[in-house]
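Structure first, commentary second.
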Amino acid sequence: MSKILVTGGAGFIGSTLVDKLIDLGHEVTVLDNLISGSRDYLNPRAEFWEMDILDNSLRERFQAAAFELVYHLAAQIDVRKSVADPEFDNQVNILGGLNILQASQASGVKKVIFASTGGAIYGEAEEIPTSEYAPTYPLSPYGINKLALEKYLNYYYQVFGLNYTILRFANVYGPRQYKGGEAGVIAIFTEAMAHDKPCILYGDGKQTRDFVYVDDVVAALVLAGDIDCRGEINISTAQEVDMWAMVAAIESAAGAKLKLELAPSRAGEQRRSVLLNRRALETLNWRPQVEFTEGVRRTYEWVKNNGKN
């Protein structure tokens with residue numbers, strides 16, 4: 001059993017991870033300001049700190065808690081919001097992340113596992129599927145700031161010996177996403193379908209994403225706690241799905257047609273994004289288990305049965 005902190009542990013991915021860690025017998029603390037997370041997702045068996053990752057008292061709280069492992073998932077994750085307000089994105093994703101690293105290093109945390117981003121870091125990649133060794137040219141402040149914190153993690157290891165592993169997620173989807181206050185086209189479209197609302201498809205629908213189911217992502221996060229690997233690992237399906245195929249999967253799950261409105265593509269978003277996952281197989285012995293149409297079906301059923309916010 002380990003003493004573990006999960007930042008963002010009331011959010012979509014974070015709360016799913018917390019549930020899994022507790023089921024495995026770990027002692028878990030959740031840190032979340034509940035701005036995008038949901039109190040409904042808090043596991044009653046976890047200790048809860050309702051606070052911001054920018055809070056000045058974090059170092060003292062970490063010292064008293066004596067965590068062994070920190071999963072850093074708390075973030076500003078909306079690409080469009082980062083384009084509209086890069087200063088806010090920087091404050092949360094850089095300064096907040098640094099606050100977590102400083103508190104971890106000062107309190108003797110053994111390892112930090114960082115939830116980074118795949119597509120947003122690589123930008124419009126020439127290498128498809130994109131490996132961890134591809135050049136990184138982010139198209140948004142969100143991607144830039146995630147990449148910067150990756151570099152800070154390496155700095156804290158090289159200078160202070162704070163161990164780390166970085167998981168670069170593809171487009172994560174699944175239950176809890178739309179009520180977890182987090183961006184995600186599948187969450188938005190399944191919610192619209194479940195409640196008979198129109199939704200907007202930006203661009204020509206031929207833009208692609210690599211959709212990975214949340215349970216598979218959580219499995220990778222758990223495995224990352226047990227390895228000694230510094231560097232970046234893509235967590236993805238390595239399968240390229242365009243928006244029209246995504247729409248078809250949702251319509252198939254629902255047995256109905258989406259009410260679609262078309263709009264121009266948006267600044268800061270990539271045309272194609274699909275990640276190579278060979279390193280995850282070799283390093284974590286991980287591979288995705290949930291096929292896309294099955295994941296969409298599970299997501300739609302959850303949204304349909306869980307009402308509105």
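Structure values in brief
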{"quantity": "The stretch 93-101 - phi-based ³J(HN,Hα) in whole Hz, Karplus 6.51/-1.76/1.60, Gly and Pro as x", "calculated": "7, 9, 5, x, x, 5, 4, 5, 5"}
{"quantity": "Cross-link reach list, aspartates and glutamates versus Lys197, counting only Cα pairs under 15 Å and skipping chain neighbours closer than eight places", "calculated": "Glu251, Glu261"}
{"quantity": "For Val172, Val159, Val274, order by how many other beta-carbon atoms lie within 10 Å, fewest first", "calculated": "Val159, Val274, Val172"}
{"quantity": "Identified option (computed mean projected area of the Cα convex hull in nm²; candidates (i) 14.5; (ii) 17.3; (iii) 15.6)", "calculated": "(i)"}
{"quantity": "Estimated inter-spin distance, Ala267 and Met51, nm [label 7 Å along Cα→Cβ]", "calculated": "3.7 nm"}
{"quantity": "Amide H contacts of Gln76 (H built 1.01 Å from N, under 5 Å, at least 5 apart or other chain)", "calculated": "Asn93"}
{"quantity": "Net charge, Met193 excluded, C-beta distance under 10 Å - Lys, Arg +1, Asp, Glu -1", "calculated": "+1"}
{"quantity": "Over 28 Å between alpha carbons, listed pairs Lys146/Lys206; Lys20/Lys110; Lys151/Lys206", "calculated": "Lys151/Lys206"}
{"quantity": "Label-point separation in nm, Thr283 to Ala66, each point 7 Å along Cα→Cβ", "calculated": "3.1 nm"}
{"quantity": "Net lengthening on full extension, Glu124/Leu95 (0.36 nm per residue, minus Cα-Cα)", "calculated": "7.8 nm"}
{"quantity": "Ranked list, fewest to most other Cβ atoms within 10 Å of each Cβ, for His26, His195, His72", "calculated": "His195, His26, His72"}
{"quantity": "Within the chain, helix-based [θ] at 222 nm, where runs of 4 or more DSSP H residues each add -39,500 (n - 2.57), nearest 500", "calculated": "-11500 deg cm²/dmol"}
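Rule-based calculations on the coordinates, nothing more; no lab input. None of the values given here were measured: they were computed from a predicted structure. All Cβ positions, even for glycine, are placed from backbone atoms using ideal geometry, and neighbour counts span all protein chains on display.
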